[in-house]
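The values are calculated or read from the model by the stated rules, or taken from the named source; none is laboratory data. Because the structure is predicted, anything quoted here is derived from the model rather than measured. Note that we place each Cβ from the backbone using ideal geometry, even for glycine, and neighbour counts take in every protein chain shown.
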Amino acid sequence: MFYRNRLLELAEAMKGRLVVVYGDLVADRFIYGNPKRISREAPVLILRQAREDMLLGGGGNAIHNILTLGGLPMPVSVVGNDREGNALLETLAGKGVECGAIMRLDRYRTPTKTRVLGGMPHSSMQQIVRYDVEDVVELNEAETDRFSSILRDQIAMAQAALISDYGYGAVTQSLVANLTGFSRGKPVTLDSRYDLLRYPDVTAATPNEEEAAATAGVALQSSEDDDAIMFAAQSIQQALDSEAVLITRGSRGMALYEKGSDHVLSIPVWGTDQVADVTGAGDTVIAAFTLALAAGATFPEAAKLANYCGGIVVMKMGTATVSNEELRHAIERDEELDLESVP
């Protein structure tokens, strides 16, 4: 049972909460163009470039969503000493985010995902191709020691921490263990794209359906079987020794499992299942989920708030964010909520 006044109180309480965001920063580059003609060199479309955007992706998108939801992100990460890294730092600094714990390394290329979109002027742009520039950084002993000290100091000040592991090397087992070891009961959430079970002792993990299926070794994407979801979530929870697992299921919403429970809580998708763009939706979900926990929400309440934010952001094009005002508006519009909690 969810109550409107309680969720509105939590949305307000999310403002000003400090959240450590330890993870990989990614540059999301969008190139937009208008069709010009078919090339004489090959059977491909030629676009006349209209504009180019460089947005915060990966852990940077989680940082951005925490900020727009009213929280105060504390990023710990690595970027290359390159155009993309400079652009990410300038964007974060321009939004008032303290970037002192983001290292710039000459030996590292900032991961960049470039999407080329085409369409007529004033029409919807369609993605034509995407190409990625990827690198993996190996932190040396001095860099690891520096991050260890930073994470220890930051979690002492913050109300929660978020780990965003995209596999580019900024996130390591030893540093995650350091973070969880000094969290002293504060929530530490995990989003790991390729190696979820590498980071035990987190408070909660938020895999998508594909990641959960691969980790648990079961088929989920075409399954409406609650037993399969239960098995996957419980397997991940036990392997991580976490308090909860939140599986995002796209148009089927979310499934929350809490330690010791005999069932999963299914939360239907908010809004419509006719999405515009799912880019970065997982970052939005974990940002809202973590910020809600930092504000004192229970796991079901945090999942419900994250579900609103996920439903809002997939209706926007590109790497998008959700504002606290948009979240409150969604809560106020939800006719299935009870008005008040029982005293």
* Asked: How about the range 236-252: which of its residues are modelled with pLDDT of 95 or more and of a type outside the set (A, V, I, L, M, F, W, C)?
  -> Gln237, Gln238, Asp241, Ser242, Glu243
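Counting only residues that are in a helix (DSSP H, G or I) and of a type in the set (Lys, Arg), which one in the range 291-336 is surrounded by the most Cβ atoms within 10 Å (Cβ to Cβ)?
The qualifying residue surrounded by the most Cβ atoms within 10 Å (Cβ to Cβ) is Lys304.
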* Which of (1) part of a strand (DSSP E or B); (2) modelled with pLDDT of 95 or more; (3) farther than 23 Å from Ala287 by Cα is the odd one out, the single condition Arg40 does not satisfy? -> (1)
* Please work out if Phe231 is among the aromatic types (Phe, Trp, Tyr) and either closer than 26 Å to Val20 by Cβ or surrounded by fewer than 14 Cβ atoms within 10 Å (Cβ to Cβ) (or both). => no
* Structure fact -> Scanning the range 96-133 residue by residue, the ones that are more than 20 Å from Tyr168 (Cα to Cα), β-branched (Val, Ile, Thr) and not in a loop (DSSP other than H, G, I, E, B) total 3
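Can you report the number of residues in the range 11-44 which are over 30 Å from Gly296 (Cβ atoms), basic (Lys, Arg) and surrounded by 14 or more Cβ atoms within 10 Å (Cβ to Cβ)? First the steps, then the outcome.
Going residue by residue through the range 11-44, those that are over 30 Å from Gly296 (Cβ atoms) are 26-44.
Going one step further and asking which of them are basic (Lys, Arg), we end up with 29, 36-37, 40.
Pick out the ones that are also surrounded by 14 or more Cβ atoms within 10 Å (Cβ to Cβ) and you get 29.
Qualifying residue count, the range 11-44: 1.
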* Scan the range 202-223 and give yes if some residue there is farther than 30 Å from Leu265 by Cα, β-branched (Val, Ile, Thr) and surrounded by fewer than 18 Cβ atoms within 10 Å (Cβ to Cβ), otherwise no. => no
* Cβ pairs under 7 Å, 6+ apart, first in the range 165-191 and touching a residue at least 40 places away in the same chain (Cβ under 8 Å), second surrounded by fewer than 19 Cβ atoms within 10 Å (Cβ to Cβ) and not in a loop (DSSP other than H, G, I, E, B) -> Leu175/Thr144; Leu175/Ser148
* To do: Check Leu55, Leu47, Leu92, Leu8 and return the single one that is touching a residue at least 40 places away in the same chain (Cβ under 8 Å), surrounded by fewer than 24 Cβ atoms within 10 Å (Cβ to Cβ) and in a helix (DSSP H, G or I).
  => Leu8
* Asked: Taking the stated definitions as given, is Gly70 surrounded by fewer than 24 Cβ atoms within 10 Å (Cβ to Cβ) and among the small types (Gly, Ala, Ser)?
  -> yes
* Find all pairs meeting these conditions: Cβ atoms under 7 angstrom apart; at least six residues apart or on different chains; first residue within the range 316-338 and over 15 Å from Leu69 (Cβ atoms); second residue aromatic (Phe, Trp, Tyr) and at pLDDT 85 or above. => Gly318/Phe30; Leu337/Phe2; Leu337/Tyr3; Asp338/Tyr3
* Asked: How many residues, within the range 166-194, are farther than 20 Å from Tyr257 by Cβ and acidic (Asp, Glu)?
  -> 0
